[in-house]
Amino acid sequence: MAKKHRFERTEARLARRQGHKRSYDRMLIVCEGEKTEVNYFEAIRREKRIPNADIEIVPSDYGTSPLNIVEYAIDHFKKSKAFDRVYAVFDRDDHDSYHNALAKAEATDKKLKNDEGTATPFMAVPSVPNFELWVLLHFRDVLAPIHRNEVYAALRKLAHYPTYAKNSKTVYQDTKGRLPEASGRGVILRGRFDKHDGNDPYTDADVLTAELLKIAGRFG
């Protein structure tokens, strides 16, 4: 795609400021995994026909630790500043940098300005112990600390999701019918536990999922 001349970019910004702003925010979503999380959120975008021009979903090029994810999201944003919101999606697992990543994300929130000069929300989307907890919540409550290996085992039980495989491209399609139950359980976890603790089950994946679906509603 040809790069717009600076005058064209200026005119576009002025048009938006004069009342022609998009009906949805441009979003940058940086994920820990190259496939699992990226596939999940991309599946929503594709199924709901959300244009990919303003919704960018990418894995981190800096590594998979939580702090790597946040730092890559910051640097990726700075390259173009063409986003209205930034999300850094990462797991607690056994990462030493989990708490530092949360702190850096909070310190970055609304400290970066986008190409329109607007302070940009920067949000961590953690899951404790991992993103698969969000998948498991589609099938059952989880109200006590659980190890990631226990999450995988629970998912593959016959009554739950026996065909689950990490890096699957069909997780969203396989679970979307249970989304209301999963979202309700995510709300319950946030009411009981604090993401900063890092031991109790927790996820904000439902929040980001809801944001994408809210945008999707504007495309019919």
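Beyond a 30 Å Cα-Cα separation, which of these cross-linked pairs lie in this structure: Lys111/Lys176; Lys104/Lys176; Lys111/Lys169; Lys157/Lys195; Lys48/Lys104; Lys157/Lys214?
Working: Lys111/Lys176 35 Å; Lys104/Lys176 32 Å; Lys111/Lys169 35 Å; Lys157/Lys195 27 Å; Lys48/Lys104 32 Å; Lys157/Lys214 32 Å.
Violating the 30 Å Cα-Cα cut-off are Lys111/Lys176; Lys104/Lys176; Lys111/Lys169; Lys48/Lys104; Lys157/Lys214.
Taking the alpha-carbon centroid of each part, what is the distance from the range 59-107 to the range 149-195 in angstrom?
First find each Cα centre; the distance between them is then 23 Å.
Over the range 99-179, what percent of the accessible surface lies on carbon and sulfur atoms, probe 1.4 Å? If you can, show how the numbers build up before the last one.
Details: 2050 of 3870 Å².
It is 53 percent, rounded to a whole number.
Given the DSSP H assignment, sum -39500 (n - 2.57) over each helix run of at least 4 residues in the chain and divide by its residue total; what's the result at 222 nm in deg cm²/dmol, nearest 500? Intermediate values should be presented prior to the final figure.
On the way: 9 runs with 93 residues, N = 220.
That comes out to -12500 deg cm²/dmol.
Cut-off 10 angstrom, C-alpha nodes, Gaussian network model of the chain. Which of Gly33, Gly117, Gly186 fluctuates the most?
Top of the fluctuation ranking is Gly117.
Place a +1 charge on the Cβ of each Lys and Arg in the chain and a -1 charge on the Cβ of each Asp and Glu, then give the dipole magnitude about the Cα centre in debye, rounded to the nearest 20.
Numbers: 38 positive and 33 negative charges, 238 e Å.
For this selection, approximately 1140 debye.
Pick out, from His147, His196, Leu212, the residue whose Cα sits farthest towards the positive end of the charge dipole of the range 121-220, with +1 on the Cβ of Lys and Arg and -1 on the Cβ of Asp and Glu.
Leu212
Tell me, what is the percent relative contact order of the range 125-176, built from C-alpha pairs under 8 Å that lie six or more residues apart? Mind dumping the intermediate values first?
Numbers: 27 pairs, mean separation 16.4, N = 52.
RCO, the range 125-176: 32 percent.
Cα-based Rg (one decimal) and Dmax (whole number) for the chain, in Å?
17.9, 59
With +1 on each Lys and Arg Cβ and -1 on each Asp and Glu Cβ, how big is the dipole of the range 125-218 about its Cα centre, in debye rounded to the nearest 20? The partial results should precede the final answer.
On the way: 14 positive and 11 negative charges, 68 e Å.
It comes to approximately 320 debye.
Largest first and in whole Å, what are the equivalent-ellipsoid semi-axes of the range 56-108 based on the Cα gyration tensor, each being the root of 5 times an eigenvalue?
Details: eigenvalues 73, 28, 15 Å².
One finds semi-axes of 19, 12, 9 Å for the range 56-108.
Would you mind counting up the charge near Glu42? Only other residues with Cβ under 12 Å from its Cβ, with Lys and Arg at +1 and Asp and Glu at -1. Intermediate values should be presented prior to the final figure.
Values: positive: Lys35, Arg45, Arg46, Lys48, Lys169; negative: Glu34, Glu37, Glu47, Glu56.
Here the count lands on +1.
Using a 1.4 Å probe, what is the accessible area per residue for the range 62-151, in Å²?
Working: 3580 Å² over 90 residues.
Averaged over the residues of the range 62-151, the accessible area is 40 Å².
Of all beta bridges DSSP finds with both residues in the range 27-167, what is the antiparallel percent, to the nearest 5? Walk me through the numbers on the way to the answer.
On the way: 2 of 18 bridges.
In the range 27-167, approximately 10 percent of DSSP beta bridges are antiparallel ones.
So, how do all the Cα-to-Cα distances of the range 81-211 break down into 10 Å bins, in percent, from 0 on up?
Histogram of Cα-Cα distances, whole percents per bin: 12, 40, 32, 14, 2, 0.
The values are calculated or read from the model by the stated rules, or taken from the named source; none is laboratory data. All of these numbers come straight from a predicted model, not from anything done at the bench. In this analysis, Cβ positions are derived from the backbone assuming ideal geometry, glycine residues included, and neighbour counts consider all displayed protein chains. Side chains are part of the model used for accessible areas, which takes the heavy atoms of the whole protein and leaves out ligands, DNA and RNA. Shrake-Rupley method; radii C 1.70, N 1.55, O 1.52, S 1.80 Å.
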